Amino acid sequence: RLGFQPSRGEELQTEYLLPMTRAAEALAALRRLSSRLAPFLLVAEIRAVAADDLWLSGAYGADTLALHFTWRLDADGVHDVLPAMEDLLLPLGARPHWGKLFAAGPDDLASLYPRWEDFRSLRARFDPELKFGNAWLERYLG
């Protein structure tokens with residue numbers, strides 16, 4: 001909506017993208033966690049995202065359900081619930097949004113992206129000195 005301000009300005013955000021074919025399972029799983037999520041949750045949004053061919057995209061290769069969470073500014077509380085969410089969502093093929101909070105480690109992510117190693121090879125070829133790298137990327141991409 002025009003003029004609508006979707007956030008409060010002081011919050012944390014998380015988003016997972018998973019194959020649309022697993023949507024019902026994901027929503028049922030999250031419902032089981034509702035009492036743990038509620039104290040920290042401000043808003044939850046659900047969106048449909050068309051498949052794309054971008055190697056590290058959350059929508060790579062499949063029409064996707066995006067599950068977005070806007071959390072209260074309580075980093076400890078949010079970080080406590082993320083592993084429980086990911087225990088349920090990652091086995092369904094959920095990929096965390098790269099620019100938002102998540103708990104998954106590099107090994108967890110590599111298995112979710114079919115072109116992970118292709119990307120790492122391309123990165124090594126075009127940025128051998130890692131000028132476009134940082135500590136976070138080194139942790140996840142090596």
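Here are the numbers for this structure:
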read-out: Matching entry among 82, 101, 56, 65 (being in contact with a Leu (Cβ under 7 Å, 6 or more places away or on another chain), touching a residue at least 60 places away in the same chain (Cβ under 8 Å) and outside any helix (DSSP H, G or I)); value: 101
read-out: Residue count, segment 125-142 (criterion: small (Gly, Ala, Ser) and not in a helix (DSSP H, G or I)); value: 2
read-out: Residues (open to solvent by 20 Å² or more (accessible area, probe 1.4 Å) and either small (Gly, Ala, Ser) or touching a Gly at 6+ places or on another chain (Cβ under 9 Å) (or both)) located in segment 22-33; value: 22, 24, 28
read-out: Residue check, residue 45 among the charged types (D, E, K, R), open to solvent by 40 Å² or more (accessible area, probe 1.4 Å) and in contact with a His (Cβ under 6 Å, 6 or more places away or on another chain); value: yes
read-out: Unique match (being aliphatic (A, V, I, L, M) and not in a loop (DSSP other than H, G, I, E, B)) among 112, 122, 73; value: 122
read-out: Only one of 17, 89 that is touching a Ser or Thr at 6+ places or on another chain (Cβ under 6 Å), closer than 30 Å to residue 122 by Cα and touching a residue at least 60 places away in the same chain (Cβ under 8 Å); value: 17
read-out: Odd one out for residue 40, checked against (1) among the aromatic types (Phe, Trp, Tyr); (2) open to solvent by less than 60 Å² (accessible area, probe 1.4 Å); (3) out of contact with any strand residue (DSSP E or B) (no Cβ under 6 Å at 6 or more places or on another chain); value: (3)
read-out: Count of residues meeting criterion [part of a helix (DSSP H, G or I) and open to solvent by less than 70 Å² (accessible area, probe 1.4 Å)] in segment 85-98; value: 6
read-out: Residue list for segment 48-81, filter: under 19 Å from residue 101 (Cβ atoms), open to solvent by 40 Å² or more (accessible area, probe 1.4 Å) and in contact with a Phe, Trp or Tyr (Cβ under 7 Å, 6 or more places away or on another chain); value: 72, 74
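The values are calculated or read from the model by the stated rules, or taken from the named source; none is laboratory data. Nothing here was measured: the structure is a model prediction, and the numbers come from that model. Heads up, the Cβs are rebuilt from the backbone with ideal geometry, glycines too, and the neighbour counts pull from every protein chain shown. Just the protein is used for accessible areas: all its heavy atoms, side chains included, with ligands, DNA and RNA removed. Shrake-Rupley method; radii C 1.70, N 1.55, O 1.52, S 1.80 Å.
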